[in-house]
1. Just to confirm the filter: which GluC sites (Glu not before Pro) across region 151-199 are DSSP coil and have at most 12 other Cβ within 10 angstrom of their Cβ?
2. If you average 1/r over every pair of different alpha-carbon atoms in the chain and take one over that average, what Kirkwood value in Å do you get?
3. Quick check of the Kirkwood formula: for region 45-131, what is the inverse mean of 1/r over all pairs of different Cα atoms, in Å?
4. Given Cα pairs under 8 Å that are at least 6 residues apart, what percent is the relative contact order of region 45-131?
5. Evaluate the relative contact order of region 52-205 (contact order divided by residue number), counting alpha-carbon pairs under 8 angstrom at least 6 apart; express in whole percent.
6. Just from the alpha-carbon atoms, what are the Rg and Dmax of region 5-51 in angstroms?
7. Give the residue from Gln52, Val95, Asn78 lying farthest towards the positive end of the charge dipole for region 45-131; charges sit on Cβ (+1 for Lys and Arg, -1 for Asp and Glu) and the dipole is referred to the Cα centre.
8. Using only Cα atoms, figure out Rg for region 81-130 and give it as a multiple of 2.2 N^0.38 Å.
Amino acid sequence: MNFGEFKQRVKDIVARNNLELDNVILMFTNEILDEIQKFYNFEFLKQTIELQVVAGQRTYSLPANFKDDIIFYLVKENKYEKLTLTNSYEIIKKVIPEETGEPKYIVIERDMFSLFPAPDKDYVLRITYYAYFSPISSDTDTNYILDKEVDVLLNGVLQRVFSYLFEYEQAQYYGQIYQQKLLLLKRREVIKELPTEMSLGVYTDVKKSLLE
């Protein structure tokens, strides 16, 4: 489903159809999308890229829309070697500032990351991380949530729209459904992360403990 189709679905439910509401739905859609993405590190937010770093250049920009939980690997012939995340205070104990060589450590500051030692030649990094979707801006835009988990988004947006229209009973109703569906989405994600050999009984116990 793209945003244009989603917007029409919202308008059909609230029984309103005007340009002002179009802008309101767009605003609330982006707000709820942001809320869902911040709620948990969902698998559908995970990204993997490869980046070539060049000899003598230590610092690079973090990936666009970076959210959380980033891991850097040095790509070698038949394996990936994980680099160690540290900070600017600890790195001076580990590496001479002017030293060059095969990178071993990563320091992240704001929206940049630095390699230590600085590369002595060109290398390839494999980077895994969680990233936010780009904001919705046109009717043709879509993303995983609009396509696969639209019910969560729909109920959240309906809660905001009905509140905007001062229909508070409807807002409360859809708000409760939204919270239930958001928690269910997280539960499904937690279950996927559990070892496959676990029994259903242990599944349930561990799932509950992870969600508390």
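Any read-out appearing in this document is the output of simple, stated calculations on the displayed coordinates, not a laboratory observation. From a predicted model like this one, the values you see are computed outputs, not experimental measurements. FYI the Cβ positions are ideal-geometry reconstructions off the backbone, even for glycines, and counts take in every protein chain you see.
1. On the way: sites: Glu167, Glu169, Glu189, Glu193, Glu197; in loops: Glu167, Glu197.
Answer in residue order: Glu197.
2. Value: 20.3 Å, from the Cα pair sum.
3. On the way: mean 1/r = 0.0763 Å⁻¹.
Every distinct Cα pair counted, the radius reaches 13.1 Å.
4. 50 percent
5. 22 percent
6. 15.1, 49
7. Farthest towards the positive pole: Asn78.
8. In units of the 2.2 N^0.38 Å rule of thumb, it is 1.11.
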